[in-house]
Amino acid sequence: MAIDLNAIRKKLNNLQSQTGKQNNLWKPEPGKQTIRIVPYQFNKDNPFQELYFHYNLGKKTYLSPVTFGKADPVVEFCEQLKGTGNKEDWQMARKMEPKMRTYVPVLVRGQESEGVKLWGFGKTVYQELLSIISDPDYGDITDPVNGRDISVEFTAAEGAGSFPKTAIRVKPNQTAATSDKNIADRIMTGQKDITEIFKEVSYDDLKVALGEWLNPEEETEELTQAQATPASATTDKVDDVNKAFDDLFNN
C-alpha cells in the first residue's frame, strides 16, 4: 500500500503549527530569569490580558466566553447549583466556575532575538505587578523607553501537596526595552494575538462539553458500575446534578 503523502504533509503542518503556538508562550524555568514587559500590540492601552478558563472539564481546558463578555452555559449551571442552598452544590459550583489567568507580552533577556512571548500567571503575581505600576515611585514599568526589567524567580513544586512559587522583583534602574532597531520594530509588529493561541469556544460547543462531562458515555458508565460497589451506591447527588442540567437547558 502506498503512503498517503497528502496525509503525511497535513500531519506535519499540524505538528509545526502546534509547535509554533507553544513557542509564543513563555514559562519561567526553575531559578532566576529576567524579562521585560512591553506594550501589547493588540491593546496598546493595557498589556494585561485577562482570560477565563474552565480547567479539566472532561479532561480538557476551555476558554470561557466570559472572557469576551458573553454568556457561558457552565456559569449559568453554576449559578443554578448555588441557588439550591446546598453546601455541596455550592462547593461544586465554585470548582466549575472559570478561573482567571492573565497574560502579558514580554521580552526574555538573552532571548530577545526570538521576539515577544506571552507570559501567563495567576492572581498573586498579577496583583503584585499592578501594585508596583500604581506606585508613583515606579510608574509604568512597561514603557519601552523608560521602563524597568523584572527578575522572576521560579521554584517548582516539591512533593505532594506543594505548589510552585513565583517571586518577582522589579529592577531599580530605568532602561530601554532594547537598543536593537530590528527587535524594537518586532515589539509592536510581530506579536501573536492571545486569542489566536486560545480560541474562543461557542456557547453551544461548551454546552455540549458540559453535558458530556455530566453524562459520560454509556461505555464509561458501564465500566464504572462494574468496578464499583452495587448500583445502589450511585448517589442521589449525581442524579440531582444531572436533573438540574436537564431543567436548565432541555426544558
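The table for this structure:
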| quantity | calculated |
| --- | --- |
| Region 50-92, residues that are polar (S, T, N, Q) and under 19 Å from Phe198 (Cα atoms) | Asn56, Thr61, Ser64, Thr67 |
| Ala177 surrounded by 10 or more Cβ atoms within 10 Å (Cβ to Cβ), touching a residue at least 12 places away in the same chain (Cβ under 8 Å), among the hydrophobic types (A, V, I, L, M, F, W, C) and over 23 Å from Glu29 (Cα atoms) | no |
| Residue list for region 105-147, filter: out of contact with any strand residue (DSSP E or B) (no Cβ under 9 Å at 6 or more places or on another chain) and within 25 Å of Phe53 (Cβ to Cβ) | Gln127, Leu130, Ser131, Ile133 |
| Qualifying residues in region 152-174 (those that are hydrophobic (A, V, I, L, M, F, W, C) and free of Cβ contacts under 8 Å to residues at least 60 places away in the same chain) - the one surrounded by the fewest Cβ atoms within 10 Å (Cβ to Cβ) | Ala160 |
| Members of region 104-146 found to be farther than 24 Å from Thr195 by Cα, outside any helix (DSSP H, G or I) and small (Gly, Ala, Ser), listed by number | Gly110, Gly139 |
| Members of region 121-180 found to be β-branched (Val, Ile, Thr) and at positive phi, listed by number | none |
| Residue match in region 76-87 (condition: of a type in the set (Ser, Thr, Tyr) and within 28 Å of Asp140 (Cβ to Cβ)) | no |
| Check on Lys60, among the charged types (D, E, K, R), within 16 Å of the chain's Cα centre (by Cα) and either modelled with pLDDT under 80 or more than 13 Å from Pro105 (Cα to Cα) (or both) | yes |
| Top-ranked residue in region 135-147 [being closer than 17 Å to Val108 by Cα and touching a helix residue (DSSP H, G or I) at 6+ places or on another chain (Cβ under 9 Å); ranked as surrounded by the most Cβ atoms within 10 Å (Cβ to Cβ)] | Thr142 |
| Odd one out for Ser17 among (1) of a type in the set (Ser, Thr, Tyr); (2) at pLDDT 95 or above; (3) surrounded by fewer than 13 Cβ atoms within 10 Å (Cβ to Cβ) | (2) |
| When residues of region 91-106 are limited to those that are among the hydrophobic types (A, V, I, L, M, F, W, C) and at pLDDT 95 or above, the one farthest from Arg36 (Cα to Cα) | Met100 |
| Options Lys123, Lys87: the member that is without any contact (Cβ under 8 Å) to a residue 24 or more places away in the chain, over 17 Å from Gln191 (Cβ atoms) and over 14 Å from the mean Cα position of the chain (by Cα) | Lys87 |
| Residues that are aliphatic (A, V, I, L, M) and in a helix (DSSP H, G or I), drawn from region 62-98 | Val66, Val74, Val75, Leu81, Met92, Ala93, Met96 |
| Top-ranked residue in region 45-58 [being part of a loop (DSSP other than H, G, I, E, B) and touching a residue at least 60 places away in the same chain (Cβ under 8 Å); ranked as surrounded by the fewest Cβ atoms within 10 Å (Cβ to Cβ)] | Gly58 |
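The values are calculated or read from the model by the stated rules, or taken from the named source; none is laboratory data. Here the structure is a predicted model, which means the values were calculated and not measured. Heads up, the Cβs are rebuilt from the backbone with ideal geometry, glycines too, and the neighbour counts pull from every protein chain shown.
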